[in-house]
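Everything below concerns the one structure shown next.
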Amino acid sequence: MRLLLLGGTGESRELAEALAAGAAGQVDVTLSLAGRTQTPTPGPARLRVGGFGGAAGLAAFLKNERFDLLVDATHPFAATMSAHAHAAAEAAAIPLLRLVRPGWSAGTGDDWTAVPDMAAAAEAVAASARRAFLTVGINELDSFARCGGVFFLVRLIEPPAAPLAFADHRLVLDRGPFAVADETRLMREHRIDTLVTKNSGGAATGAKLDAARAAGIAVIMVDRPPEPALQQVATVKAALDWIMDKSHDRP
Ligand code: NAP
């Protein structure tokens, strides 16, 4: 059985590893990445990199390459890819599963402001922050360029192609998982009063929220974009079970 796995997350890598370990010979996996990072972590699955050319391009790819299953394990904020996956799976009449980790939720001691999008996050920063830690990814930084008088600590995975458009900022390059002690040290060193993050969920980047809670730092939490209604699981194990069920159902 041929499976196309839309990736770019830790979960997609874990699923590819679990399939290689437990279903080798039964499920032939191709992992698809958008190609945003120059150095994707090597894994066990066959890799293809780059866009498909929209939903129609993905539908044609699924048919031409004779895939039997599609698993969308892209990031919770990769809304365009998820919408394309939904449309393409329907057009190609292929079962689709969405694997998406649960979001974070505020608990006792948290000082969170939930906002619907990056524009609203930038408004909240302009209204209340003096020294903000931006952990929103390179594509979202433009929204904050007009927040005058704010120092930005910006964390990215890879160096930006052009200098950042902030008058007062510091850039750190790092890739998770992050530890609470390191997040605490980083935010203390830069006297951060506000953390801005997408509600990505997951343990790998959740330590900044523990550090912010303990230090009394405000959090501006950008809500997830809506997902197309479809069959969804929250864990790699549940996705693996779904794939194995489908493989046993095959004639
Ligand atoms: P997006 O806005 O939803 O997608 C934009 C376009 O990128 C898609 O239409 C598709 O191009 C291409 N694309 C996206 N994911 C792809 C994949 N796995 N394989 C092949 N093409 C893909 O996506 P995004 O938010 O830029 O995210 C890009 C990648 O980074 C995804 O793999 C995602 O899982 C990962 N990621 C995103 C975030 C985030 O905050 N958005 C964070 C961490 C990781 P075509 O229309 O040409 O097919």
Checklist outcome for this item: Excluding ligands, DNA and RNA, the carbon-plus-sulfur percentage of the accessible area of the chain with a 1.4 Å probe reads 52
Item to check | Dipole moment magnitude, nearest 20 debye, segment 1-112 about Cα centre, only Lys, Arg, Asp, Glu C-beta charged | outcome: 400
Checklist entry - Quick one: length gained pulling ARG224 to VAL172 fully straight, 0.36 nm per residue minus the C-alpha distance? => result 16.2 nm
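What is segment 112-222's relative contact order, in percent, from Cα pairs under 8 angstrom and six or more apart in sequence?
On the way: 181 pairs, mean separation 38.6, N = 111.
So the answer I get is 35 percent.
Can you give the helix-only mean residue ellipticity at 222 nm for the chain, where every DSSP H stretch with n ≥ 4 adds -39500 (n - 2.57) and the sum goes over all residues, rounded to the nearest 500 deg cm²/dmol?
Values: 7 runs with 82 residues, N = 251.
Theoretical 222 nm ellipticity from helices: -10000 deg cm²/dmol.
Sort 73-86, 52-65, 157-170 by packing, meaning the average of other beta carbons within 10 Å per residue, with the highest value first. Numbers along the way, then the final one.
Details: 73-86: 21.1, 52-65: 16.2, 157-170: 11.9.
Highest mean packing first, the order is 73-86, 52-65, 157-170.
Compute the normalised compactness of the chain: alpha-carbon radius of gyration over 2.2 N^0.38 Å, N being the residue count. Intermediate results must be reported in sequence, preceding the final value.
Working: Rg = 19.7 Å, N = 251, 2.2 N^0.38 = 18.0 Å.
In units of the globular-protein estimate, the chain measures up at 1.10.
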Item to check | segment 112-222: antiparallel DSSP beta bridges as a percent of all, rounded to 5 | outcome: 0
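Using Stokes-Einstein with the Kirkwood hydrodynamic radius over Cα pairs, what translational diffusion coefficient do you get for segment 112-222 at 37 °C and a viscosity of 0.692 mPa s, in µm²/s rounded to a whole number? Spell out each step's value before the answer.
On the way: Rh = 13.8 Å.
Estimated via Stokes-Einstein, D reaches 237 µm²/s.
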Checklist outcome for this item: For LYS198, counting only lysines whose alpha-carbon sits under 29 Å away and dropping same-chain residues fewer than eight positions off, the answer is LYS208, LYS237
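Report the full-extension gain for the segment MET244 to ASN64: residue separation times 0.36 nm, less the Cα-Cα distance, to one decimal in nm. Show your work: numbers first, answer last.
Working: separation 180, 0.36 × 180 = 64.80 nm, distance 2.32 nm.
Value of the extension gain: 62.5 nm.
Between ALA119 and THR41, what length comes free when the chain is fully extended (0.36 nm per residue of separation minus the Cα-Cα distance, one decimal in nm)? Kindly include the intermediate steps, with their values, before the conclusion.
Working: separation 78, 0.36 × 78 = 28.08 nm, distance 3.15 nm.
Between ALA119 and THR41, full extension yields 24.9 nm more.
Per residue, what accessible area does the chain have, given a 1.4 Å probe and all protein chains present, in Å²? Before the final figure, lay out the partial values.
Details: 12430 Å² over 251 residues.
Roughly 50 Å² per residue, with all protein chains present.
The values are calculated or read from the model by the stated rules, or taken from the named source; none is laboratory data. Computed from a predicted structure; not experimentally measured. For neighbour counting, all protein chains shown are included, and Cβ atoms are generated from backbone atoms with ideal geometry for every residue, glycine included. Each accessible area value is taken on the protein alone, full model and side chains, heavy atoms only, with ligands, DNA and RNA left out. Shrake-Rupley method; radii C 1.70, N 1.55, O 1.52, S 1.80 Å.
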